[in-house]
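Trainee: Mind looking over this structure? Questions follow.
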Amino acid sequence: MNAVCATDLSAASEATIENETCLECLGRIGIEEINLVTVIPSNVHVGMPGIDFDERRKRSIDRYRRVIKSAGFDVETHVVRGTPYRRINGLAEAIGASLTVVGSRGTSPLENRVIGSTARNVARTTVTPLLVNRIERGAEEPDVVREHLFRRILYATDFSTTAERAFDAFSYLHHATQEVTLVHVRTPPDPSTGEEHDPSERLEESADRLEEWGIETRIDVRAGDPADEILAAEAEYEPTTILVGSRGHSRLRRLLLGSVSEDVVARASGNVMLVPPSRVA
């Protein structure tokens, strides 16, 4: 498996790359190669006064490469120009990445913003599983909020096909997962769909599959606004990562997987992993 790790060369994005536990977690789920990419926006020019972009970029990338290589990964580096989220997703698709990793906060004085609005744009358009890694806010030397990326997962589902595809990620995540909370949020039913099946039964079926891997599970059925309830569950259970599909269509008329997943990315306290629909029609 290979991963794309996007960096804007800021202290915030450095936190993900240089955290040994985060790198170890990526290795445990089967990542063997990391493609490190930094995107120079089209409006940033080499001759801009005050900062030697090229030299600082080279030093930072060389340092990141050494850290990642010493952690046991093969490393490829990519310096490209364009719109950050388009180039990040384009690279991930071109190399058939198993996972894309971006930080969720921070502004670089050097190149561009991967962390912040770009992370949201990547989330909206990703064609590969995406890990939005939460970084401390407001710290001079920020660190990741949750080091053990996949130890405790909160899986949110509306039972759509895309939600099931997100669940399939446990086929490799289970190597680094000890505990899973399975959450379904009830919304007002569409009368045309008829009687609704008991969501607890469907969650129990998923829990049985996880327990075959020795993962401790719990189920939680809630009612209300999906994004609000998913975030309330995060506050209650303190997972290291929320796992959700990035798009989907529920028979309950509401899109759990779509605008809600974007809301979760923007508001979650910890990491969020988004799994998009299959690219095969």
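The values are calculated or read from the model by the stated rules, or taken from the named source; none is laboratory data. Here the structure is a predicted model, which means the values were calculated and not measured. Every residue, glycine among them, receives a Cβ derived from its backbone with ideal geometry; neighbour counts consider all protein chains shown. Each accessible area value is taken on the protein alone, full model and side chains, heavy atoms only, with ligands, DNA and RNA left out. Shrake-Rupley method; radii C 1.70, N 1.55, O 1.52, S 1.80 Å.
Trainee: All but one of (1) surrounded by 20 or more Cβ atoms within 10 Å (Cβ to Cβ); (2) of a type outside the set (A, V, I, L, M, F, W, C); (3) at pLDDT below 80 hold for residue 147, so report the exception by its number.
Mentor: It is condition (1) that residue 147 fails.
Trainee: Under the condition of being in a helix (DSSP H, G or I) and either more than 26 Å from residue 203 (Cβ to Cβ) or within 16 Å of the chain's Cα centre (by Cα) (or both), which residue from segment 150-166 is modelled with the lowest pLDDT?
Mentor: We begin by selecting, within segment 150-166, every residue in a helix (DSSP H, G or I); these are 161-166.
Imposing the further condition that a residue be either more than 26 Å from residue 203 (Cβ to Cβ) or within 16 Å of the chain's Cα centre (by Cα) (or both) reduces the set to 162-163, 165-166.
Values: 162: 86, 163: 89, 165: 91, 166: 92.
Here the answer is 162.
Trainee: Tally time: how many residues in segment 236-255 are modelled with pLDDT of 90 or more and either part of a loop (DSSP other than H, G, I, E, B) or of a type in the set (Ser, Thr, Tyr) (or both)?
Mentor: The number of residues fulfilling the criteria is 5.
Trainee: Determine if segment 209-222 includes at least one residue that is at pLDDT 95 or above, of a type in the set (S, T, N, Q), open to solvent by 20 Å² or more (accessible area, probe 1.4 Å) and not in a helix (DSSP H, G or I).
Mentor: Within segment 209-222 (the criterion being at pLDDT 95 or above, of a type in the set (S, T, N, Q), open to solvent by 20 Å² or more (accessible area, probe 1.4 Å) and not in a helix (DSSP H, G or I)), the answer is yes, since at least one residue qualifies.
Trainee: Has segment 167-180 got at least one residue that is over 19 Å from residue 30 (Cβ atoms) and at pLDDT below 75? Working first, answer last.
Mentor: In the first step, residues of segment 167-180 are kept if they are over 19 Å from residue 30 (Cβ atoms); the result is 179.
Then keep just the ones that are at pLDDT below 75; that gives none.
No, segment 167-180 contains no residue that is over 19 Å from residue 30 (Cβ atoms) and at pLDDT below 75.
Trainee: Still on this structure, please answer the following. Restricting the search to segment 68-79, which residues are touching an Asp or Glu at 6+ places or on another chain (Cβ under 8 Å) and closer than 25 Å to residue 41 by Cβ? Working first, answer last.
Mentor: Kept after step one, since they are touching an Asp or Glu at 6+ places or on another chain (Cβ under 8 Å), are these residues of segment 68-79: 71, 73-76.
75, 76, listed by residue number.
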